[in-house]
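Colleague: Here's a structure for you.
The values are calculated or read from the model by the stated rules, or taken from the named source; none is laboratory data. Every value quoted in this text rests on a predicted model; they were computed, and no experiment measured them. Counting neighbours? That spans all protein chains shown, and the Cβs are built from the backbone with ideal geometry, glycine included.
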Amino acid sequence: MASASPSGRAPLVLGAVVVAVLAAGEATHWIASHCLLGPGAVSASAPGGETVVVLGHADPGPTAGAENRRRVRAGLRSRSTPESQLVLSGGAVAGPVTEAELMARYATEDRGYTGPLALETTSRSTWENIVAVIPLLEDSARIIIVSDCVHALKARMFLRRQCPDLAARLARGRDYRLGEDLLHKPASALAGIIDLGLSAWVPGWARNSATGLAGVRRLLARGQARPSRKPPSRSSPSVISADEAA
């Protein structure tokens, strides 16, 4: 029997490559969702309760974009009890309305959320997200950070750097779903892993990389200087009810 011609094998090879890329993206997100969690699962009904933090994505508005809507849905399904507090974090990075406000409108108006809600509206990077929400986490027995899975892993790494005692309370959220955003996962996984590596190994990257061109310039100007050992300053996020957010 004659072997298949090179042109006949090309679709099979292309199909195998596509499947491998999609599978790699899926596996990366699954692994990321299981990394840097606390040493033991704590019940959401334990004293202090549960806080679910949803990190915003740069969004021009005037309504929440697809990525922020996906993150809000993941945050809502990650809540274990009706009393779990939902924290939406993100300042005005790409438009006049803060990411937190855009997500709050979607959660309350489109998803019907009426539970405990707090907005953090000053942060402009993942590092600043974590700095700003720490005051809202200090009394929580169980902490969940929700975002793109690789991005959430980076945020957990930053919480571990800033407050190891709070990082010990981290639990897994439900931001990973098999097959969800399947075509988007390979690209987000690759970009996320590169950013995660730079945040872990390049001095200053974690604090300055996401604050725009000026931040990158500061980063380059610092060369190989070590970041300051001073603890990060903390903002005072506002705590509001879901009715006020609406």
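Colleague: Please determine, by comparing only the residues of the stretch 47-64 that are modelled with pLDDT of 95 or more and of a type in the set (Gly, Ala, Ser), which one is surrounded by the most Cβ atoms within 10 Å (Cβ to Cβ).
Modeller: Filtering first and then ranking leaves GLY56.
Colleague: Restricting attention to the stretch 1-16, and to residues there that are among the small types (Gly, Ala, Ser) and at pLDDT below 85, which single residue is surrounded by the fewest Cβ atoms within 10 Å (Cβ to Cβ)? It would help to see each step written out before you state the result.
Modeller: As a first pass, look at the stretch 1-16 and keep what is among the small types (Gly, Ala, Ser): 2-5, 7-8, 10, 15-16.
Subsequent filtering for residues that are at pLDDT below 85 retains 2-5, 7-8, 10.
Numbers: ALA2: 4, SER3: 7, ALA4: 10, SER5: 8, SER7: 7, GLY8: 9, ALA10: 11.
Among residues in the stretch 1-16 that are among the small types (Gly, Ala, Ser) and at pLDDT below 85, the one surrounded by the fewest Cβ atoms within 10 Å (Cβ to Cβ) is ALA2.
Colleague: How many residues does the stretch 17-44 hold that are touching an Asp or Glu at 6+ places or on another chain (Cβ under 8 Å) and either under 23 Å from LEU119 (Cα atoms) or modelled with pLDDT under 90 (or both)?
Modeller: Result for the stretch 17-44: 1.
Colleague: Out of all the residues in the stretch 159-173, which are part of a helix (DSSP H, G or I) and in contact (Cβ under 8 Å) with a residue 60 or more places away in the chain?
Modeller: Narrowing the stretch 159-173 to residues part of a helix (DSSP H, G or I): 159-162, 164-167.
Residues satisfying the conditions are ARG160, GLN162, ALA167.
Results for (1) under 16 Å from ALA104 (Cβ atoms); (2) touching a Cys at 6+ places or on another chain (Cβ under 7 Å); (3) assigned to a strand (DSSP E or B); (4) not hydroxyl-bearing (Ser, Thr, Tyr), shown as yes or no for each residue.
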{"residue": "VAL54", "(1), (2), (3), (4)": "yes, no, yes, yes"}
{"residue": "THR63", "(1), (2), (3), (4)": "yes, no, no, no"}
{"residue": "ARG69", "(1), (2), (3), (4)": "yes, no, no, yes"}
{"residue": "VAL72", "(1), (2), (3), (4)": "yes, no, no, yes"}
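Colleague: For the stretch 102-136, which residues satisfy the criterion of being surrounded by 20 or more Cβ atoms within 10 Å (Cβ to Cβ), in a helix (DSSP H, G or I) and acidic (Asp, Glu)?
Modeller: Scanning the stretch 102-136 gives a single hit, GLU128.
Colleague: Among the residues of the stretch 65-99, count how many are of a type outside the set (A, V, I, L, M), more than 15 Å from ASP175 (Cα to Cα) and either surrounded by fewer than 23 Cβ atoms within 10 Å (Cβ to Cβ) or under 15 Å from the mean Cα position of the chain (by Cα) (or both).
Modeller: As a first pass, look at the stretch 65-99 and keep what is of a type outside the set (A, V, I, L, M): 65, 67-71, 73, 75, 77-85, 89-91, 95-96, 98-99.
Of the ones still in play, those that are also more than 15 Å from ASP175 (Cα to Cα) are 65, 81-85, 89-91, 95-96, 98-99.
Next, from what is left, pick out any that are either surrounded by fewer than 23 Cβ atoms within 10 Å (Cβ to Cβ) or under 15 Å from the mean Cα position of the chain (by Cα) (or both): 65, 81-85, 89-91, 95-96, 99.
Matching residues across the stretch 65-99 total 12.
Colleague: What about GLY112, is it more than 16 Å from the chain's Cα centre (by Cα), among the small types (Gly, Ala, Ser) and more than 19 Å from ARG207 (Cα to Cα)?
Modeller: Yes: the conditions hold for GLY112.
Colleague: State whether one or more residues within the stretch 189-196 are touching a Phe, Trp or Tyr at 6+ places or on another chain (Cβ under 9 Å), assigned to a helix (DSSP H, G or I), free of Cβ contacts under 8 Å to residues at least 24 places away in the same chain and more than 27 Å from SER80 (Cα to Cα).
Modeller: no
Colleague: Looking at the stretch 128-142, I want the residues that are charged (D, E, K, R) and have a partner that is buried (at least 21 other Cβ atoms within 10 Å of the Cβ) with Cβ atoms under 7 Å, at least 6 apart or on another chain. Which pairs are those?
Modeller: ARG142/GLU50; ARG142/ARG169
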